[in-house]
Amino acid sequence: MSESAGVQGSAVAGARGYVHVAQLGHPGPGSAELLAPWLQQGLADGGTVVLACAPDLRDPLLDRLGGDRVHVVDPGDVGGRAPDAIAGHTALVDRLTVGGTRLHLVTDSGRTSLGVPAWLQTEALLNHVLADRSVAHYCVVDPDHLGADTDRALSCHPWSLTADGMVPNPGRKDPAEVLRSLWSSPGPDPLEATTPTLEVEDVGSLRQLRRALTASLADGPLDADEAEDLVLAIDEVVANAAEHGVPPVDVRLWVTQQRVLCAVADRGHGFDEPLAGYGPAHGDDLSVGGMGLWLARRAVDRMTTAPLADGDGCVVRLVVDPRRED
């Protein structure tokens, strides 16, 4: 390790908040060799190590680190839809960070079963949600897995770990910018050129809307719990549009075996804040208001906002990709 890299590494080790580090490579022995010295130093400083990564990376790290203050968790515990993954990360950090010690977390880019976009959302959002947590997060970014999304994945990480040590990442981008890049084409979904399964113009009764949505989803690809979650998410978005937008509020729903799409439109300006809604507005107290956006995000795979085609209003699109067993 060079002297300058050593200084940078010391700065990372001494940081109090969340430090997000990318190591470009395959999650295997080579990455373990690069990571081990940093994790060993973290243990020597009294910290805790958590391995939530592929076995090819986990096992050689365990050989080098031993078992004292080293925890192995299922990568699925910190995967899934972005809001669930964020909740999983936060719960893990809070559970294993004791007495102000630093937690050293190792993950890799293959830890989600929902595809690269869901993982990228999580990687960008962690910088925002965990900013004040005492965590050094080492993420092995596998170009064989990510392909054309490798550069975007690296941009989620303010630091890079290389053979020369820990260095600032010049390609790092703000989390909101990364999220907007994932939704760079928020225009109409191809489904919107087809006849909707359900269309309700100028919603007057949320109760009647919920009943109509439930009936329309009954024979679709979502199970009962997924359908109920989606109905509640749509209800929250419609209520938000009715309160903060400009009427009329129109709802269109498409139900196919490939995906379920709901478009909620009103004549207001909408919002452009991709970081909003990735945490309960009032902590964990669900009895307090302001929870709609958070609840909606947790129920869907994607939620985007965009201007209406005629420029007179905005549309919120909620998409659920049905789960299938391999």
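The values are calculated or read from the model by the stated rules, or taken from the named source; none is laboratory data. None of these values were measured; they are calculated from a predicted model. When we count neighbours, we look across all protein chains shown, and the Cβ atoms used for this are built from the backbone with ideal geometry, even at glycine.
Remarks
- Residues satisfying the criterion are absent from the stretch 210-225 (criterion: in the same structural domain as Ala131 (by TED's automatic domain parsing), closer than 22 Å to Ala82 by Cα, surrounded by 12 or more Cβ atoms within 10 Å (Cβ to Cβ) and of a type outside the set (Lys, Arg)).
- Inclusion of Val178 among residues that are surrounded by 21 or more Cβ atoms within 10 Å (Cβ to Cβ), in contact with a strand residue (DSSP E or B) (Cβ under 8 Å, 6 or more places away or on another chain) and outside the structural domain of Arg302 (by TED's automatic domain parsing) is not warranted.
- Breaking point among (1) more than 17 Å from the chain's Cα centre (by Cα); (2) among the β-branched types (Val, Ile, Thr); (3) closer than 20 Å to His89 by Cβ, for Val167: (3)
- Residue in the stretch 60-73 that is more than 17 Å from Thr101 (Cα to Cα), of a type in the set (A, V, I, L, M, F, W, C) and touching a residue at least 24 places away in the same chain (Cβ under 8 Å) present: yes
- Considering residues of the stretch 101-118 that are in a helix (DSSP H, G or I) and either in contact (Cβ under 8 Å) with a residue 40 or more places away in the chain or among the basic types (Lys, Arg) (or both) only, the residue surrounded by the fewest Cβ atoms within 10 Å (Cβ to Cβ): Pro117
- Residues that are over 15 Å from Ala22 (Cβ atoms), at pLDDT 90 or above and among the hydroxyl-bearing types (Ser, Thr, Tyr), drawn from the stretch 113-143: Ser134
For (1) surrounded by fewer than 16 Cβ atoms within 10 Å (Cβ to Cβ); (2) in contact with a His (Cβ under 7 Å, 6 or more places away or on another chain), each residue gets a yes or a no:
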site	(1), (2)
Arg16	yes, no
Pro27	no, no
Ser31	no, no
Gly42	no, yes
Gly46	yes, no
Leu57	no, no
Gly66	yes, no
Val73	no, no
Gly80	no, no
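- Helices (runs of 4 or more DSSP H) contained in the stretch 1-100 and holding at least 2 residues at pLDDT below 90: 3-14, 82-96
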